[in-house]
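One structure below.
Throughout, read-outs are computed from the coordinates displayed, never taken from laboratory work. Being a predicted model, the structure only gives us computed values, none of them experimental. As a convention, Cβ positions derive from the backbone with ideal geometry for all residues, glycine included, and neighbour counts pool all protein chains shown.
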Amino acid sequence: MQERIWVIVGQVCGTGYTEPAANFYELGGDSLLAGELMTALRTEFGVELPMNLLFEAPDMGTFVHDAVPLVDSPPAQRGGS
């Protein structure tokens, strides 16, 4: 699962963002790019990730690590709408 998320990060944001220690903001990430990434993840996994998951992560490795349980859980455990 983690590998699939990394692939999407690389496709949407660029390969510089695929380093675990990479900082989204230091690489030029902004709300538009964050929205594109979240949309791509929602399309791939069928789950809406909270935007603050990316905004509050100190680096991309933390973001991916924190995203795995959310995209890998059964729909009933995601706190659906």
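Can you put VAL71, VAL64 in order, fewest other beta carbons within 10 Å first? If you can, show how the numbers build up before the last one.
Values: VAL71 18, VAL64 22.
Sorted ascending by nearby Cβ count, the order is VAL71, VAL64.
Given the chain, what whole percent of its Cα pairs are spread farther than 14 Å?
On the way: 1883 of 3240 pairs.
Cα-Cα pairs in the chain separated by more than 14 Å: 58 percent.
Summing -39500 (n - 2.57) over the DSSP H runs of n ≥ 4 in the chain and dividing by its residue number, what mean residue ellipticity at 222 nm do you reach, to the nearest 500 deg cm²/dmol?
Value at 222 nm, helices only: -17000 deg cm²/dmol.
Dipole magnitude of the chain about its Cα centre, charges +1 at Lys/Arg Cβ and -1 at Asp/Glu Cβ only, in debye to the nearest 20?
So the dipole magnitude of the chain works out to roughly 260 debye.
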